[in-house]
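For reference, the structure discussed in these notes is given below.
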Amino acid sequence: MNRTMNAVFSKLLQAQNILVCGHIMPDGDCVSSVVSLSMGLEKLGKKTTMAIDWKIPSIFSPFPRVERIIDYSRYSTQLENSDLLVIVDASSPDRIGRFERLLRYGMPSILIDHHATNTRFANLCWVEPSYSSTAQMIFDLLKLMEVSYDGDLALMNYLGIATDTGFFRYSNTNSTVFEAAAELVKLGADPCMVATAILETRRLEEFFLERDAIDNLRLLSNDRFAYSYLRVEDFERYSLGEDDFGGFVGDLRSIASVEVALFASESVGGEAHVSLRSKSYFDVSSVAVAFGGGGHPRAAGFTLKYDGDLEEALQEAVELISRRLESHSKDATL
């Protein structure tokens, strides 16, 4: 049995008031991990606070307990302080937003994450890239702690595994993923509800925004590299935010000839969030790390800050990817 997981188990049992914190720009794995870990700890008699320093995307509103997630401003006004900070699904301290201050204040901390680029910034770090998702790690942890599952907990735990494997399509899907998913379905998770909520609740305005992103599409490196972007005014035109337009980088990767996809969404003037995906051999996490980000070999990202125009600011990353693709092409012909 994993020695570090046992150490995490022990620390959680010793704490009474636990703050469970996810990363900014939360995805399904983040929301799932925050909520399911909190629910499990509460079943063991712990008091928990669920926290993400970001607006929770509306796509997650149908799921249980999500409405209880608070941001830093709400946490900082609470009179009662937590005695343990548990960070889930975050590869670096800046990814938890203003909650990073709690690390500087010396709050005891645990980190649970599956990103290979994790910087191991907590007092106790359980980082295991062999897992498909942090949610799968939470599942193993709660089983170790002998938590009794109900339908809501099973549903929330399943959410992260399903979304972070692209509904069992990505290369991080293996037999253990299907075993965990099957067990959670037996415990009450509803796969149809999760798929419908995540995949089939798009607004009409999102299609208009997608049209604009397609207009900005560029193909390079013999069509092996696709990238696109949206400026902040594009989102404002349809009264949408960048959190309302996730997944387009996956659509770019789905182009038959494409190995690497990049999509940038400008959140405010001079700052954009860049998502990277690859199909079979290109390690996009190395590109993300070069620009201060992180992630997985096939899925990574970083925040880009710049003066001037977004498209111009992207060129350094675009050229780096193009050069590496060209180098791989030359190596492959040797």
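Here are a few things to note about the model shown:
- Rounded Å value of the spacing that divides the Cα centres of region 23-47 and region 82-154: 9 Å
- Taking Cα atoms only, the orientation of helix 151-164 departs from the longest principal axis of the chain by about 30 degrees.
- Loop-located chymotrypsin sites (Phe, Trp or Tyr not before Pro) in region 195-283, at most 13 other Cβ atoms within 10 Å (DSSP): Tyr281
- q = 0.14, 0.27, 0.30 Å⁻¹: log10 I(q)/I(0) that the Debye formula gives for region 1-55, counting C-alpha atoms only: -0.40, -1.06, -1.13
- Helix 28-43 axis, angle to the chain major axis (alpha carbon atoms, nearest 10°): 0 degrees
- Shown here: region 37-130, whose C-alpha atoms stretch 31, 30, 28 Å along the first, second and third principal axes, sorted largest to smallest.
- Using alpha-carbon coordinates, inclination of helix 3-14 to the longest axis of the chain, degrees: 50 degrees
- Per residue, region 27-86 exposes 41 Å² of solvent-accessible protein surface, assessed with a 1.4 angstrom probe and all protein chains in place.
- Exposed GluC sites (Glu not before Pro) absent - longest run of the chain, DSSP non-H/G/I/E/B, at most 14 other C-beta within 10 Å: 201-334
- Length-normalised contact order for the chain - Cα pairs under 8 Å, 6+ apart - percent: 13 percent
- Per residue, the convex hull volume that the Cα atoms of region 228-332 enclose (Å³): 95 Å³
- About its Cα centre, the dipole of region 1-66 is roughly 280 debye, where the only charges are +1 on Lys and Arg Cβ and -1 on Asp and Glu Cβ.
- Positive-end extreme of charge dipole, the chain - chosen from Tyr158, Met145, Leu276 (charges on Cβ): Met145
- Point-charge dipole on Cβ atoms (K/R +1, D/E -1) for the chain, about Cα centre, debye to 20: 1020 debye
- Only protein atoms count toward the accessible area here, which uses a 1.4 Å probe; on the chain, the carbon and sulfur part of that area reaches 49 percent.
- Most positive-pole-ward Cα, Thr4, Ile69, Thr117, against dipole of the chain from beta carbon charges: Thr4
- Cα-Cα pairs of region 93-208 separated by more than 25 Å (percent): 36 percent
- The mean accessible area for residues of region 117-276, using a 1.4 Å probe and ignoring ligands and nucleic acids, is 43 Å² per residue.
- Between Val86, Phe60, Ile24, the Cα set farthest toward the positive side of the dipole of the chain (charges on each charged residue's Cβ, about the Cα centre) is that of Val86.
- Surface accessible to a 1.4 Å probe, Thr119 within the full protein complex, Å²: 80 Å²
- Where Cα atoms sit under 17 Å apart: lysine pairs in the chain separated by 8 or more or lying on different chains: 7
The values are calculated or read from the model by the stated rules, or taken from the named source; none is laboratory data. These numbers come from a predicted model, not from an experiment. Using ideal geometry, Cβ is built from the backbone for each residue, glycine included, and neighbour counts are taken over all protein chains shown. For the accessible areas, the whole protein counts, side chains as well, though only heavy atoms, and no ligand, DNA or RNA atoms are used. Shrake-Rupley method; radii C 1.70, N 1.55, O 1.52, S 1.80 Å.
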